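A.B. asks: One structure follows; several queries about it will come next.
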Amino acid sequence: MNNFIYNTPTKVFFGKNQEDKLGEILKSYNIKKVLLHYGKESIKKSGLYDKVINQLKAFKIDFVELGGVTPNPKLSLALKGVEIAKKEKVDLILAVGGGSVIDSAKLISVGAKVDFNPWLFSIKEKTPNDHIPVGTILTISAAGSDMSNSCVITNDTTKEKRGFVSEENRCLFAILNPELTYTVSKYQTACGIVDIMMHTLERYFSSGDDTPLTDNIALGLLKAVYDAGKILITDPYNYNARATIMWANSLSHNGLTGVGRNYIMSVHQLEHELSGMYDEISHGAGLAVLWPAWAKIAYKAEIKRFSRYAYEVIGITKTNDSIADILKAIEETQNYFISLGMPKSLRELNVKESSLEELAHNTMFKGKRVLEDIIKVDYEMAYKILKLAY
């Protein structure tokens, strides 16, 4: 097991009606003024917007608003938020929504403390050292941004999608009520399930010495999500299944399932370029297509780990041919994603075959990096994975 620092400072308020405690929570942190940040119409249609506004008014907390966050959150909107946060001198950014809203809030949070374009954090030319606190009411179980230290933003001018990791990105608190996800569409629920699984799969299938405790946590989380996802296909209002998915959303990306390991998350890097170039592609849908292609190449580097995944998560009946069992597990994983409503190929996502070379090139930052995990992903390997996924 490698040396590690594990830090999860976000206070979680989990369960039914926890959003009704918003005013009380904000007062406990002595918050006087917030920037309310959200997506488009969903929180207004669901009634959550009115709940939040009523809480802020009841506890005499001033607020300003910035809505309009879209999937693959955009730099241009975050820059507007930075201007508002600075001008209004807010004490906290309140993100009400899913990972896109939270990531946008995080860039506003660190951007409001500097006098340069916070995109420099995203491209790792600058490192944040201060932030305005971020609190969140989560409405979509997927990205895990409520407890993670990452922030992923799309530059809508250059079409680059970039993420950066910093402890300044940790949320102060997160309100998690599984009932708020009842109205999430089947497609977006499926995208979320895939994203949650990928956050742990990419940590589990990583380089490093044996980490039995971390591995068991990772496999247990994957199994729980796999089973809960099956339930939600036919019973979207099942509270326990929604609760399992929501809590896994947080634990899958707060570092817990990768403690003591070296993980690069190569499939995520490939997908960032994909949904950066094709803005209409949901992150989870891209991952659902790319991971099986990556796994069909990478499994030979980690037979033992892939075997455990096959038997303990997917439930493959063990035979004398472990390779055949692994390949069956990879196929069953893809079939599971398809059963949730996910695409099988990049072609189904209307990706142009002519763009695969550019996607591979962009993943390598135009020759400036190579992703080395259980397999080495350079331009040639990235193109091979994309071609197999096509």
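The values are calculated or read from the model by the stated rules, or taken from the named source; none is laboratory data. Here the structure is a predicted model, which is why all the values come from computation and not from measurement. Every residue, glycine as well, gets a Cβ built from its backbone with ideal geometry; the counts of neighbours run over all protein chains shown. Surface areas here come from the heavy atoms of the whole protein model, side chains and all, with no ligands, DNA or RNA. Shrake-Rupley method; radii C 1.70, N 1.55, O 1.52, S 1.80 Å.
A.B. asks: Which shape class applies to region 299-376: rounded if a/c is under 1.5, otherwise prolate when a/b exceeds b/c and oblate if not, where a ≥ b ≥ c are the square roots of the Cα gyration tensor eigenvalues?
C.D. replies: Note, shape of region 299-376 comes out oblate.
A.B. asks: How far is helix 75-88 tilted, in degrees, relative to the longest principal axis of the Cα atoms in the chain, given as a value from 0 to 90 rounded to the nearest 10?
C.D. replies: Here the helix axis deviates by roughly 30 degrees.
A.B. asks: Quick check: with the 1.4 Å probe, what order do 202, 332, 302 take by accessible area, largest first?
C.D. replies: From most exposed to least exposed: 332, 302, 202.
A.B. asks: Taking every alpha carbon pair in the chain, what does the distance histogram look like in 20 angstrom bins from 0, in percent?
C.D. replies: So the P(r) values, bin by bin, are 29, 59, 12, 0.
A.B. asks: What ranking of 368, 33 comes out by heavy-atom accessible area, probe 1.4 Å, highest first?
C.D. replies: 368, 33
A.B. asks: Among DSSP beta bridges whose residues both lie in the chain, state the antiparallel percentage, nearest 5.
C.D. replies: Details: 9 of 33 bridges.
Around 25 percent of the beta bridges assigned by DSSP in the chain are antiparallel ones.
A.B. asks: Treat each spin label as a single point 7 Å out from the Cα along the C-beta direction, and report the residue 54 to residue 8 distance in nm.
C.D. replies: 3.3 nm
A.B. asks: A further question follows. Using modelled amide H (1.01 Å from N, peptide plane; none on Pro or chain starts), what sits under 5 Å from the amide H of residue 63, excluding residues fewer than 5 places away?
C.D. replies: Those qualifying (amide H under 5 Å, at least 5 residues apart or on another chain) are 34.
A.B. asks: Taking 8 Å as the Cα distance limit and 6 or more residues as the minimum spacing, I'd like the relative contact order of the chain as a percentage.
C.D. replies: 16 percent
A.B. asks: At q = 0.12, 0.17, 0.27 Å⁻¹, what base-10 log of I(q)/I(0) does the Debye formula yield for region 242-318 when every alpha carbon is treated as an equal point scatterer in vacuo?
C.D. replies: Computed log10 I(q)/I(0) values: -0.46, -0.93, -1.26.
A.B. asks: At what distance in angstrom do the alpha carbon centres of region 245-272 and region 13-67 lie from each other?
C.D. replies: The two parts, judged by their Cα centres, are 28 Å apart.
A.B. asks: In addition: I'd like the Karplus ³J(HN,Hα) series for region 66-74: coefficients 6.51, -1.76, 1.60, θ = phi - 60°, whole numbers in Hz, and an x wherever there's a Gly or Pro.
C.D. replies: Those phi angles translate into 8, x, x, 5, 10, x, 6, x, 9 Hz.
A.B. asks: Can I ask one more? Distances longer than 16 Å among the Cα atoms of region 107-214: what percent of all pairs is that? Kindly include the intermediate steps, with their values, before the conclusion.
C.D. replies: Working: 3929 of 5778 pairs.
Of all Cα-Cα distances in region 107-214, 68 percent exceed 16 Å.
A.B. asks: Starting from the Cα gyration tensor of region 1-86, take the square roots of the eigenvalues, sort them a ≥ b ≥ c, and report rounded, prolate or oblate (rounded when a/c is under 1.5, otherwise prolate if a/b is larger than b/c, else oblate).
C.D. replies: It is oblate, given that a/c is not under 1.5 and a/b is not larger than b/c.
A.B. asks: Which three extents, in whole angstrom, do the alpha-carbon atoms of region 191-276 cover along their principal axes, largest first?
C.D. replies: Sorted largest first, the three principal extents are 39, 35, 17 Å.
A.B. asks: State, as an integer percentage, the relative contact order of region 110-191 based on alpha-carbon contacts under 8 Å between residues 6 or more apart.
C.D. replies: Relative contact order here is 33 percent.
A.B. asks: What residues qualify as long-range amide H neighbours of residue 11, i.e. H under 5 Å apart, gap of 5 or more or another chain, H built at 1.01 Å from N?
C.D. replies: Residues meeting the criterion, in which the H sits 1.01 Å from N, are 173, 174.
A.B. asks: Would you mind computing, in nm to one decimal, how far apart the modelled labels at residue 387 and residue 20 are, each placed 7 Å from Cα along Cα→Cβ?
C.D. replies: Taking the two extended label points, one gets 5.9 nm.
A.B. asks: Follow-up question, since we're still on this one. Suppose each label sits 7 Å from its Cα in the direction of the beta carbon; what would the residue 88-residue 368 distance come out to in nanometres?
C.D. replies: About 3.4 nm separates the two model spin labels.
A.B. asks: Then there is this: Which net charge results when you count Lys and Arg as +1 and Asp and Glu as -1 among the other residues whose beta-carbon is under 14 Å from that of residue 21?
C.D. replies: Overall, the nearby charge balance is +1.
A.B. asks: Give the relative contact order (percent, whole number) for region 242-385; include only Cα pairs under 8 Å separated by 6+ residues.
C.D. replies: Values: 120 pairs, mean separation 37.9, N = 144.
Here the relative contact order equals 26 percent.
A.B. asks: Ok, one more. Expected output is a single nm value to one decimal: the length gained when fully extending between residue 28 and residue 279, i.e. 0.36 nm times separation in residues minus the C-alpha distance. What is it?
C.D. replies: Answer, rounded to one decimal: 86.4 nm.
A.B. asks: Right, here's the next one. Could you tell me how many degrees, from 0 to 90 and to the nearest 10, lie between the Cα long axis of helix 48-58 and the main elongation axis, the longest principal axis, of the Cα atoms of the chain?
C.D. replies: That helix lies at roughly 40 degrees to the long axis.
A.B. asks: Something else: Using the eigenvalues of the Cα gyration tensor, what equivalent ellipsoid semi-axes result for region 66-152 when each is taken as the square root of five times the eigenvalue, whole Å, largest first?
C.D. replies: Working through the eigenvalues yields semi-axes of 19, 14, 12 Å.
A.B. asks: Between residue 235 and residue 339, how high is the FRET efficiency from 1/(1 + (r/R0)^6) when r is the Cβ-Cβ distance and R₀ = 22 Å? Nearest 0.05.
C.D. replies: The calculated FRET efficiency here is 0.95.
A.B. asks: Treat region 177-336 as a sphere of radius equal to its Kirkwood radius over Cα pairs and apply Stokes-Einstein at 25 °C in a medium of 0.890 mPa s; give the translational diffusion coefficient in µm²/s, rounded to a whole number.
C.D. replies: Approximately 152 µm²/s, per Stokes-Einstein.
A.B. asks: Which whole-Hz couplings ³J(HN,Hα) result when phi for each residue of region 127-143 is put into the Karplus expression 6.51 cos²θ - 1.76 cosθ + 1.60, θ = phi - 60°, listed in order with x for Gly and Pro?
C.D. replies: The phi angles translate into 10, x, 9, 7, 6, 8, x, 10, x, 9, 10, 7, 10, 9, 8, 6, 6 Hz.
A.B. asks: For region 260-376, which whole-number percentage of the solvent-accessible area (1.4 Å probe, protein heavy atoms only) is attributable to carbon and sulfur atoms?
C.D. replies: Exposed carbon and sulfur together represent 46 percent of the surface.
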